[in-house]
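Q: Input: one structure, supplied below.
Laboratory data are not the source of any read-out in this text; all were calculated from the coordinates shown. As the structure is a prediction and not an experimental result, all values here were calculated from the model. Counting neighbours? That spans all protein chains shown, and the Cβs are built from the backbone with ideal geometry, glycine included.
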Amino acid sequence: MPGKAMTMAEAISRFVPDGSTVAMGTSLEPLIPFAAGHEVIRQSKRDLELVGPISDALFDQLIGAGCVRRVTAAWVGNVSEGLGHCYRRACESAVPRSLEVHDHTNFSISLALWAAAWNVPSLPTRTLLGSDILRTNPGLVASGGLVQVEAVRPDVAVVHVQRADEMGRAHAWGPLGVTEEAGLAADRVIVTCEELVDASVTLSDPNRILFPETKVVAVVHEPGGAHPSPVQGFFKRDHAFYREYAEQSRTVDGFQAWLGRWVMEVPDRAAYMGKVDSPSLQITRHRPSEPADYGDE
Amino acid sequence: MSDYTPQELMVAVASREISDGDLVFVGMRLPILAYAVARNAHAPGARGLFEVGLMRDQPAAGFLGTMGDPPNVAGALWATRMSNVMALMAQGHVDLGFIGGAEVDRFGNLNTSYVGDPVRPQVKLPGSGGGADIAILSRRWVTLMSHERRRLVERVSFITSPGYGDGTPYWRKQNGLLGGGPAAIITTLCVFRFPEGGGEAHLASVHPGHSVDEVRAETGWDLKLAERVSETAQPTESELTAIRHFDPAGFWTRTA
């Protein structure tokens, strides 16, 4: 059986073509696939549509780097710091390029992905009634006291998880946000992981497997691939890093300098992690769960 | 009484909105602290719900920069997907929600999307997040914001999270909104409240050291006063102790 393990450069090159619709940051604040996003920037991908709920700084970086033509999301910014400066520049003055925005709420982006996962045109909801978001997103239509949320179908979902095997059986724990529906809705999934483990580990707990392995096209072993976002059991959130990004990205020049230092001038994630104070971010107080008994006879 | 910051007072006031037994949609920033303060004092039976996909009772043991930080997951009552959390709110089970606002108007509508024309905005704000969901579906909600004339406007140009719409009686009911709407606006200067059934905000209390005239000067609509405008109760020593325990470096309450 051929494994799906490959480098980040290969995964992004093969499975994220220009113009594709990419779901990322689907677990909200934790497990954000920053390493994958940075490789997208290094490979100068263009005309992407980004899909996600809140995107803590990653969408802002991809927008600032000129990779994005449309954002379909509930929120774009920097969760602990506030505004996304690249997002503002793109919307307000088309720098570095114009950006189309399809506004959602967290609830409605989840429904849009479930609709795609279930292969239906739309799903009804009671949220969004009375909101002007209905005026700016053509994919949200009020009728009969409900709002129909049109399906959003990513070409590819990119997720970071704690562990996965080389066939793409991914284990993630902690809050999952919209990760399951994003993976099911997407045509294909790229999994990046802290630990690449034997199939005996993932298959020992099949309830914890996020997606059917048939969706997963690439598995990238990328320790620290979610920095500065947190990874339960592995890494704390690097609050100071988010603050520095917010300060430096206030101007185009500051953003370009930041991008040079942390993305363009680092060949890969290992080199990036060499520049981060990684020991102080590692979680050392472990709290393993009790194993579940899948005994059978 | 020791000195306190405006943010510490806002957290204390917000915590008093939480009743024992409430299911609280907590949100981000100051409300995370307000939940922790309430849970450790007058609302030991409250539960917190987080859209990232969490329910918990005890406040997190460590500092939270976001609701998804590892200390908020350890000891959770439930770690799940977002749509499961939204299901509870869609069923009307969320007693109280908190929403941050960039702009609010006298009918409690919030704008966190666009200042100016959405096609080419003067300012692109981050967006709804879960804000509109909370505004529409929770039983009642409270917003916290810095009190500036440019933020408290006559009518928001874009309603991200609806309050009482155009202020006509039963606007929410007529438009099919499930929840009851905003209960209060807590600012750095004062507390606004709304009449039973909705409508226009009135000034209910002014924070110590501030005046009605100051509030009027910093508010972009013709200020409506409660029958008796009181002084906001200061944070108690035990509220301040709890706030400083959960925000030891003052990340949320001492740097704004």
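Q: Given (1) more than 26 Å from B:Ala217 (Cα to Cα); (2) in contact with a helix residue (DSSP H, G or I) (Cβ under 7 Å, 6 or more places away or on another chain), identify the lone condition not met by B:Arg139.
A: It is condition (2) that B:Arg139 fails.
Q: While we're on this one: Identify, please: which residue in the range B:80-116 is aliphatic (A, V, I, L, M) and part of a loop (DSSP other than H, G, I, E, B) and is, among those, nearest to the other protein chains (Cβ to nearest Cβ)? Give the steps one after another, and end with the answer.
A: The initial filter retains those residues of the range B:80-116 that are aliphatic (A, V, I, L, M), namely B:82, B:85-90, B:94, B:96, B:99, B:102, B:104, B:110, B:115.
Checking which are part of a loop (DSSP other than H, G, I, E, B) leaves us with B:94, B:102.
Numbers: B:Val94: 12, B:Ala102: 9 Å.
So the residue we want is B:Ala102.
Q: Sticking with this one: In the range A:119-167, which strands (runs of 3 or more DSSP E) lie fully inside it and hold 2 or more residues that are within 30 Å of A:Ala11 (Cα to Cα) and either away from chain B (no Cβ under 14 Å) or touching a residue at least 24 places away in the same chain (Cβ under 8 Å) (or both)?
A: On the way: elements: A:122-125, A:140-143, A:146-150, A:156-164.
Strands (runs of 3 or more DSSP E) meeting the threshold: A:156-164.
Q: Also, I was wondering about something else. Every residue in the range B:204-223 that is in a loop (DSSP other than H, G, I, E, B) and among the β-branched types (Val, Ile, Thr), please. Full working, then the answer.
A: Filtering the range B:204-223 for residues in a loop (DSSP other than H, G, I, E, B) gives B:207-211, B:218-219, B:221-223.
B:Thr219, the sole residue that qualifies.
Q: What number of residues within the range B:124-163 are more than 10 Å from chain A (Cβ to nearest Cβ), under 20 Å from A:His104 (Cβ atoms) and assigned to a loop (DSSP other than H, G, I, E, B)? Break it down stepwise before answering.
A: Within the range B:124-163, the first condition is being more than 10 Å from chain A (Cβ to nearest Cβ), and the residues that meet it are B:138-155.
So of that shortlist, the ones also under 20 Å from A:His104 (Cβ atoms) come out as B:138, B:141.
Going one step further and asking which of them are assigned to a loop (DSSP other than H, G, I, E, B), we end up with B:138.
The number of residues fulfilling the criteria is 1.
Q: Do any helices (runs of 4 or more DSSP H) lying entirely in the range A:4-93 carry at least 3 residues that are surrounded by fewer than 24 Cβ atoms within 10 Å (Cβ to Cβ), and which ones are they?
A: Details: elements: A:8-15, A:34-42, A:58-64, A:85-93.
Helices (runs of 4 or more DSSP H) meeting the threshold: A:8-15, A:85-93.
Residues are listed down the side, and each one gets a yes or a no for (1) more than 14 Å from chain B (Cβ to nearest Cβ); (2) surrounded by 13 or more Cβ atoms within 10 Å (Cβ to Cβ); (3) hydrophobic (A, V, I, L, M, F, W, C):
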{"position": "A:Gly225", "(1), (2), (3)": "yes, yes, no"}
{"position": "A:Gly233", "(1), (2), (3)": "no, yes, no"}
{"position": "A:Lys236", "(1), (2), (3)": "no, yes, no"}
{"position": "A:Asp253", "(1), (2), (3)": "yes, no, no"}
{"position": "A:Asp277", "(1), (2), (3)": "yes, no, no"}
{"position": "A:Ser289", "(1), (2), (3)": "no, no, no"}
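Q: With respect to A:Ala240, determine if the residue is without any contact (Cβ under 8 Å) to a residue 40 or more places away in the chain and within 17 Å of B:Met67 (Cα to Cα).
A: Details: without any contact (Cβ under 8 Å) to a residue 40 or more places away in the chain: yes; within 17 Å of B:Met67 (Cα to Cα): yes.
Here the answer is yes, as A:Ala240 does meet what is asked.
Q: Report yes if some residue within the range B:201-223 is buried (at least 17 other Cβ atoms within 10 Å of the Cβ) and touching a Gly at 6+ places or on another chain (Cβ under 7 Å); otherwise report no.
A: yes
Q: Any idea which residue in the range B:43-63 is nearest to the other protein chains (Cβ to nearest Cβ), counting only those that are of a type outside the set (Asp, Glu), touching a Phe, Trp or Tyr at 6+ places or on another chain (Cβ under 9 Å) and within 16 Å of A:Ser27 (Cβ to Cβ)?
A: B:Gly53
Q: Then there is this: Any idea which residue in the range A:135-155 is farthest from B:Val119 (Cα to Cα), counting only those that are within 16 Å of the chain's Cα centre (by Cα) and surrounded by 24 or more Cβ atoms within 10 Å (Cβ to Cβ)? First the steps, then the outcome.
A: Going through the range A:135-155, the residues within 16 Å of the chain's Cα centre (by Cα) turn out to be A:152-155.
If we keep only those that are surrounded by 24 or more Cβ atoms within 10 Å (Cβ to Cβ) too, we end up with A:152, A:154.
Details: A:Val152: 22, A:Pro154: 25 Å.
Restricting to residues being within 16 Å of the chain's Cα centre (by Cα) and surrounded by 24 or more Cβ atoms within 10 Å (Cβ to Cβ), the top hit is A:Pro154.
Q: Okay, next question. Surrounded by 18 or more Cβ atoms within 10 Å (Cβ to Cβ) and over 21 Å from the mean Cα position of the chain (by Cα), is that true of A:Gln248?
A: Numbers: surrounded by 18 or more Cβ atoms within 10 Å (Cβ to Cβ): yes; over 21 Å from the mean Cα position of the chain (by Cα): yes.
It is true that A:Gln248 is surrounded by 18 or more Cβ atoms within 10 Å (Cβ to Cβ) and over 21 Å from the mean Cα position of the chain (by Cα).
Q: Condition first: away from chain A (no Cβ under 14 Å) and either touching a residue at least 40 places away in the same chain (Cβ under 8 Å) or assigned to a strand (DSSP E or B) (or both). Now tell me which residues in the range B:164-195 satisfy that.
A: The answer is B:Ala183, B:Ala184, B:Ile185, B:Ile186, B:Thr187, B:Thr188, B:Leu189, B:Cys190, B:Val191, B:Phe192, B:Arg193, B:Phe194.
Q: Here's something else I'd like to know. So A:Val266 ticks every box in (1) farther than 17 Å from A:Pro33 by Cα; (2) surrounded by 10 or more Cβ atoms within 10 Å (Cβ to Cβ); (3) of a type outside the set (Lys, Arg) but one. Which box is left unticked?
A: Status for A:Val266: all satisfied but (1).
Q: Has the range A:89-105 got at least one residue that is touching a residue at least 40 places away in the same chain (Cβ under 8 Å), touching an Asp or Glu at 6+ places or on another chain (Cβ under 6 Å) and over 19 Å from B:Gly130 (Cα atoms)?
A: No; the residues of the range A:89-105 include none that is touching a residue at least 40 places away in the same chain (Cβ under 8 Å), touching an Asp or Glu at 6+ places or on another chain (Cβ under 6 Å) and over 19 Å from B:Gly130 (Cα atoms).
Q: If I ask for residues that are assigned to a helix (DSSP H, G or I) and under 29 Å from A:Tyr294 (Cβ atoms), which ones from the range A:207-261 would you list?
A: Filtering the range A:207-261 for residues assigned to a helix (DSSP H, G or I) gives A:207-208, A:213-215, A:239-248, A:252-261.
Those that are assigned to a helix (DSSP H, G or I) and under 29 Å from A:Tyr294 (Cβ atoms): A:Asn207, A:Arg208, A:Glu213, A:Thr214, A:Lys215.
Q: Scan the range A:94-127 residue by residue and report those that are of a type in the set (Asp, Glu) and either surrounded by fewer than 18 Cβ atoms within 10 Å (Cβ to Cβ) or in contact with a Leu (Cβ under 7 Å, 6 or more places away or on another chain) (or both). So that I can check it myself, show each step before the final result.
A: To start, the set of residues in the range A:94-127 that are of a type in the set (Asp, Glu) comprises A:100, A:103.
Once the filter is applied, which keeps residues that are of a type in the set (Asp, Glu) and either surrounded by fewer than 18 Cβ atoms within 10 Å (Cβ to Cβ) or in contact with a Leu (Cβ under 7 Å, 6 or more places away or on another chain) (or both), the range A:94-127 yields only A:Glu100.
Q: Answer yes if at least one residue in the range A:190-210 is within 15 Å of the chain's Cα centre (by Cα) and within 13 Å of another protein chain (Cβ to nearest Cβ), and no otherwise.
A: Within the range A:190-210 (the criterion being within 15 Å of the chain's Cα centre (by Cα) and within 13 Å of another protein chain (Cβ to nearest Cβ)), the answer is yes, since at least one residue qualifies.
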